[in-house]
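Colleague: Take a look at this one; I'll ask things after.
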Amino acid sequence: MLAVGAALGAGHLVAALISPASSPFLAVGDVVIRFSPQFLTEFAKTTFGTADKPVLLGGMAVVIAVVAVAAGLASVRRPAPGIGVIGGLGLLGLLAVVTGPAFTWVDLAAPAAALVVGVDAFRGLHALATRAYVPAAGGDGNQAVSRRILLLGSSAAVAVVSLAAGGVGQLLSGGVGDSRRTVTDRLARARLVERAPAIPPRAAFPELGTPTFLTANPDFYRIDVALRVPAQRAEDWSMRIHGMVDNEIVLTFDDLLARPLVERTITLTCVSNPVGGPLISTANFIGVDLRDLLLEAGVRPGADQLYSTSVDGWYTGTPTEVVLEPGRGALLAIGMNGEALPPEHGFPVRMLVPGLYGYVSGTKWLTDLELTTFSADSGYWLERGWAQKAPIKTQCRIDTPRGFATAARGRVTVAGTAWSQPTGVSRVEVRMDGGAWQDAELATEVNADTWRMWRASFDLPPGSHTVQARATDKNGVGQTEMRAEPIPDGASGWPATIFTVA
Ligand SMILES: Nc1nc2c(c(=O)[nH]1)N[C@H]1C(S)=C(S)[C@@H](COP(=O)(O)O)O[C@H]1N2
Ligand SMILES: [Mo]
């Protein structure tokens, strides 16, 4: 276990110094994520939510520890089995790094260091251990004791140095703090050509249990397949708009800041959100208009897909015609609720297209935009069974009462959220115990790209009750009753909550 720990610590440290993406432990985790069957991915997302990554890494650590202990037990007499297992784990790490989506040759250094350090540490500790426990013929007792002390001391040293190496590696690879502070300062001084209007006081009913209208950055839902949040500094960022365009464009972060900056209030929604689920949040995003940029690049006829790639090698495709719709408001976003994008939400630059689920439009840590065709390239989730085009479905959620809650006798208030980006919500209806639908009171609308809160009150007799809700968009199209799972293009069905009146 010590030797394997030394290997992982060394690999993590060398990766941090040379190329953070090449840490062998995290690379193996990436492989597990990329090749997980669909049911496992969905199970992890719905069971662990944002904690899915620590759970995965913890599980991997347990498996590796068990393998290491077994290798140690098999090596009581000869070191060969242990060397074989550590060498095998090392090769696994190498393979994981080499097959990573953004592999370059320097990425070999970290897994190679892990392999060498792991095998060496094992041989050294094994030699010490066998000498310490098999008293040499003719040796005296004191010699055996001092060898044991030497073994314990070396083991402790290996453990401490490995942990320190891993820890230092972790600290070194996460540092975009300064860069973020600079961007936040520059955004505070920037003159925006379009400011998001102030949120009216009656736009949400947090006192009743709905979310606040704007989601604070730390509370904003997070979904991605990145085990390590990419740490790219704004100063180092640049992006190419290329492919089927008349004028290729290369942009630096300063170029973005020099363009007209706009601020828009947008509700982001994840296709994996089950009916009633939490994967939806709202923020004021600052950025540059993506349509304007594409017009400057000159999109060639037939380029029906805008293919975006992130620094960690994730990729997706967005319908070009949607991004080019005049009123759509697609953004290259650099700010979120008055500060630079948080690292977890795509610092320094991400894409946002109101009205499309995040997996076909919300590329975080954006690094490349290519105009291409849907027949030429497929997105990450398209390759895993999800739909190619994914407009957000009209949906609503009952936030209060909570499921199986007990409400006090008297008037019971039901409240929640509804959304239908980019069309907007015109009506929400609620019914109790299968009775007649009744109009809920809608909160003040902020814009059609955001959620809209609602509430309704009922006089109810004591006992168990079931409340249902359904929304209608501004075209008069009602939310479908038909239940569907999130895969392939988003969950549908009316939400229902069972609760008790005391
Ligand atoms: N680089 C990258 N961008 C990504 C993803 C990802 O896995 N990697 N996931 C997408 C999905 S599925 C969603 S729903 C949104 C979520 O954005 P958020 O985490 O800021 O809420 O990001 C999108 N952008
Ligand atoms: Mo998503």
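Read-outs: derived from the displayed coordinates by stated rules, not from any lab. Please read all numbers here as calculations on a predicted model, not as lab measurements. Note that each Cβ is placed from the backbone with ideal geometry, even for glycine, and that neighbours are counted across all protein chains shown.
Colleague: Beta carbons within 10 angstrom, averaged per residue: use that to sort the peptides 315-325, 462-472, highest first. Don't skip to the answer; put the middle values down first.
Modeller: Details: 315-325: 19.9, 462-472: 17.9.
Packing order, densest peptide first, comes out as 315-325, 462-472.
Colleague: Where does each of 234-242, 29-37 land if you order them by average Cβ count within 10 Å, highest first? Walk me through the intermediate numbers first.
Modeller: On the way: 234-242: 17.8, 29-37: 15.8.
Peptide ranking by packing, descending: 234-242, 29-37.
Colleague: I've got another one for you. Can you find, among SER308, GLN388, GLY277, the residue sitting farthest towards the positive end of the charge dipole of segment 259-410, where Lys and Arg contribute +1 and Asp and Glu -1 at Cβ?
Modeller: GLY277
Colleague: Quick one: give the max-minus-min coordinate of the C-alpha atoms of segment 395-501 along each principal axis, largest first, in Å.
Modeller: Here the Cα extents, ordered largest to smallest, are 40, 32, 21 Å.
Colleague: Tell me which lysines have Cα within less than 18 Å of LYS474's Cα, excluding those fewer than 8 residues away on the same chain?
Modeller: Here the lysines satisfying the reach criterion relative to LYS474 are LYS393.
Colleague: Show which aspartates and glutamates lie in cross-link reach of LYS389 when reach means a straight Cα distance below 16 angstrom and same-chain residues fewer than eight apart are skipped.
Modeller: ASP304, GLU321, GLU325, ASP377, ASP489
Colleague: Could you size up the charge dipole of segment 210-323 around its Cα centre, putting +1 on the beta carbon of Lys and Arg and -1 on that of Asp and Glu, and report it in debye to the nearest 20? Before the final figure, lay out each step's value.
Modeller: Details: 8 positive and 15 negative charges, 67 e Å.
Its charge dipole is roughly 320 debye.
Colleague: For segment 1-61 and segment 383-409, compute the distance between their C-alpha centroids and round to whole Å.
Modeller: Answer, in whole Å: 30.
Colleague: Another question, if that's okay. Cα convex hull of the chain: how many Å³ per residue? Don't jump to the answer; show the numbers that get you there.
Modeller: On the way: hull volume 89.2 nm³, N = 502.
Cα convex hull per residue, to the nearest whole number: 178 Å³.
Colleague: Something else now. So if we plug the beta-carbon distance of LEU150 and VAL62 into 1/(1 + (r/R0)^6) with R0 = 30 Å, what FRET efficiency do we get, rounded to 0.05? Present the calculation step by step, with values, prior to reporting the outcome.
Modeller: Details: r = 30 Å, r/R0 = 1.01.
In this case the efficiency is close to 0.50.
Colleague: Please get the size of the charge dipole for the chain, origin at its Cα centre, with Cβ charges of +1 on Lys and Arg and -1 on Asp and Glu, quoted in debye to the nearest 20.
Modeller: It works out to roughly 1420 debye.
Colleague: As an exercise, find the ratio Rg/Rh for segment 344-401 from alpha-carbon atoms, using the Kirkwood inverse-distance average for Rh. Don't jump to the answer; show the numbers that get you there.
Modeller: On the way: Rg = 14.3 Å, Rh = 13.5 Å.
Across segment 344-401, the Cα-based Rg/Rh ratio is 1.06.
Colleague: Once you have the Kirkwood Rh of segment 179-384 from its Cα pairs, apply Stokes-Einstein at 37 °C and 0.692 mPa s and quote D in µm²/s.
Modeller: Values: Rh = 17.4 Å.
Approximately 188 µm²/s, per Stokes-Einstein.
Colleague: Order these by the 10 Å Cβ neighbour count, fewest first: LEU94, LEU17, LEU56.
Modeller: Details: LEU94 21, LEU17 15, LEU56 18.
Fewest-to-most ranking of LEU94, LEU17, LEU56: LEU17, LEU56, LEU94.
Colleague: Continuing with this model, one more query. Based on the inverse mean of 1/r over its pairs of different Cα atoms, what is the Kirkwood hydrodynamic radius of segment 197-292, in Å? Walk me through the numbers on the way to the answer.
Modeller: Values: mean 1/r = 0.0596 Å⁻¹.
It is 16.8 Å.
Colleague: For the chain, what is the percent of antiparallel DSSP beta bridges, rounded to the nearest 5?
Modeller: Values: 67 of 74 bridges.
Just about 90 percent of them are antiparallel.
Colleague: Could the peptides 265-278, 212-225 be put in order, highest first, of the mean number of other beta-carbon atoms found within 10 Å of their residues? Walk me through the intermediate numbers first.
Modeller: Numbers: 265-278: 21.5, 212-225: 16.8.
With the highest mean Cβ count within 10 Å placed first, the list reads 265-278, 212-225.
Colleague: Please give every one of the lysines within straight-line cross-link reach of LYS53, meaning a C-alpha to C-alpha distance under 23 Å, and leave out same-chain neighbours fewer than 8 residues apart.
Modeller: LYS45, LYS364
Colleague: Which residues does the label zone of THR500 cover in segment 442-484, counting backbone N under 19 Å from a point 7 Å along Cα→Cβ?
Modeller: Label zone hits: 460-467.
Colleague: Report the local net charge at THR210: Lys and Arg +1, Asp and Glu -1, summed over other residues whose C-beta lies under 13 Å from its C-beta.
Modeller: On the way: positive: ARG202, ARG397, ARG402, ARG452, ARG455; negative: GLU207, ASP399, GLU441.
Computed value for this residue: +2.
Colleague: Once a ≥ b ≥ c are taken as the square roots of the eigenvalues of the Cα gyration tensor of segment 2-172, is the result rounded (a/c under 1.5), prolate (a/b larger than b/c) or oblate (a/b not larger than b/c)?
Modeller: Numbers: a/c = 2.35, a/b = 1.99, b/c = 1.18.
Since a/c reaches 1.5 and a/b is larger than b/c, the shape of segment 2-172 is classed as prolate.
Colleague: 222 nm [θ] for the chain, helices only, -39500 (n - 2.57) per DSSP H run of 4+, per residue, to 500?
Modeller: Working: 11 runs with 171 residues, N = 502.
Computed ellipticity for the chain at 222 nm equals -11000 deg cm²/dmol.
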